[in-house]
1. I need the per residue convex hull volume for the range 177-279, using only the alpha carbons, in cubic angstrom as a whole number.
2. For the range 204-271, state which GluC sites (Glu not before Pro) are in a DSSP loop and have at most 12 other beta carbons lying within 10 Å of their beta carbon.
3. Report in % the part of the accessible area of the range 171-284 that belongs to carbon and sulfur, leaving out ligands and nucleic acids; probe 1.4 Å.
4. Among all the aspartates and glutamates, which ones have a C-alpha under 12 Å from Lys80's C-alpha, if same-chain residues fewer than 8 places away are not counted?
5. By per-residue mean of other Cβ atoms within 10 Å, what is the highest-first order of 193-200, 105-112, 54-61?
6. Direction-averaged shadow area of the convex hull around the Cα atoms of the range 80-230, nm²?
7. So if I take the centroid of the Cα atoms in the range 70-100 and the same for the range 216-259, what is the distance between those two points in Å?
8. I'd like the accessible area for Asp90: 1.4 Å probe, protein heavy atoms, all chains in place, Å² to the nearest 10.
Amino acid sequence: MQGQEMCHCSQRDHKLCSGFYNFYHNPQDEGLHPAPQPPAMSDPITLNVGGKLYTTSLATLTSFPDSMLGAMFSGKMPTKRDSQGNCFIDRDGKVFRYILNFLRTSHLDLPEDFQEMGLLRREADFYQVQPLIEALQEKEVELSKAEKNAMLNITLNQRVQTVHFTVREAPQIYSLSSSSMEVFNANIFSTSCLFLKLLGSKLFYCSNGNLSSITSHLQDPNHLTLDWVANVEGLPEEEYTKQNLKRLWVVPANKQINSFQVFVEEVLKIALSDGFCIDSSHPHAVDFMNNKIIRLIRYR
């Protein structure tokens, strides 16, 4: 029939088919309303971050696909919802604005009097926005260089102790073993708080199979104490966790620090890049060569 589309439905379903035909071709008919459509991918998304609401787009949240947010909003990770149906993230809501702005612009914008760099760094690490982490490191270097004269003093101690551990030789057979272990201690003092934060962004403890920044151990802004061990030959990985033995890594070089020589080399690289130089008057050359005391100064 001309003017009508052929319908091949059964007589039972013909009314439904006719209804859809009339709905789409006669939208002026009263009582007929379009079925609700699912939200478009470009529609605004509201996040509840620690009780603070933010509205943004899916494109912004997935602008860095390798980040945790990229994984969450691309469907690779499950998302939680609050009572209003908003995506809920149990993190600090105040500093999330800086993370969200970075997702939007790929540029780190902070107020001149910003005082929560450590918190922002931890949040950036949680969300795993790698370009933001790198931008924060560059910002800390910039702020550190803006400081006036500074002094850095490092005292190093080393000892050897015996560690005992069990070795599984067969499903039901264990034997007791022991080995010598080098234990390192570094007491670091600097008049530059920003330099210690910079150092903390480069050095990581390896504990329980995970890397964690030493910044979390920075209780005094001018003083940092590090304790770690070298690799122990034959010691099973689980024994490091069981005996609370922390190893030290430098990032992004991904190098494990198994000696004071390596530690001194890495700290010097970081300090010299931040404008420090070796104090020619102290310590005594013998102490410096023996890696006991390191003193560096910075003039502005």
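The values are calculated or read from the model by the stated rules, or taken from the named source; none is laboratory data. None of these values were measured; they are calculated from a predicted model. Cβ coordinates were reconstructed from backbone atoms using ideal geometry, including for glycine residues, and neighbour counts include every protein chain displayed. Heads up: the accessible areas ignore ligands, DNA and RNA and are worked out on the full protein's heavy atoms, side chains in. Shrake-Rupley method; radii C 1.70, N 1.55, O 1.52, S 1.80 Å.
1. Details: hull volume 10.8 nm³, N = 103.
Spelled out: Cα convex hull of the range 177-279, divided by residues, is 105 Å³.
2. Glu233
3. Numbers: 2880 of 5610 Å².
Answer for the range 171-284: carbon and sulfur cover 51 percent of the accessible area.
4. Of all the aspartates and glutamates, those that pass the test against Lys80 - Cα under 12 Å, at least 8 places apart if same chain - are Asp90.
5. Details: 193-200: 22.5, 105-112: 11.1, 54-61: 15.6.
Top of the packing list down: 193-200, 54-61, 105-112.
6. Working: hull surface 57.9 nm².
With every direction weighted equally, the projected area is 14.5 nm².
7. 32 Å
8. Only protein atoms counted, so the area is about 120 Å².
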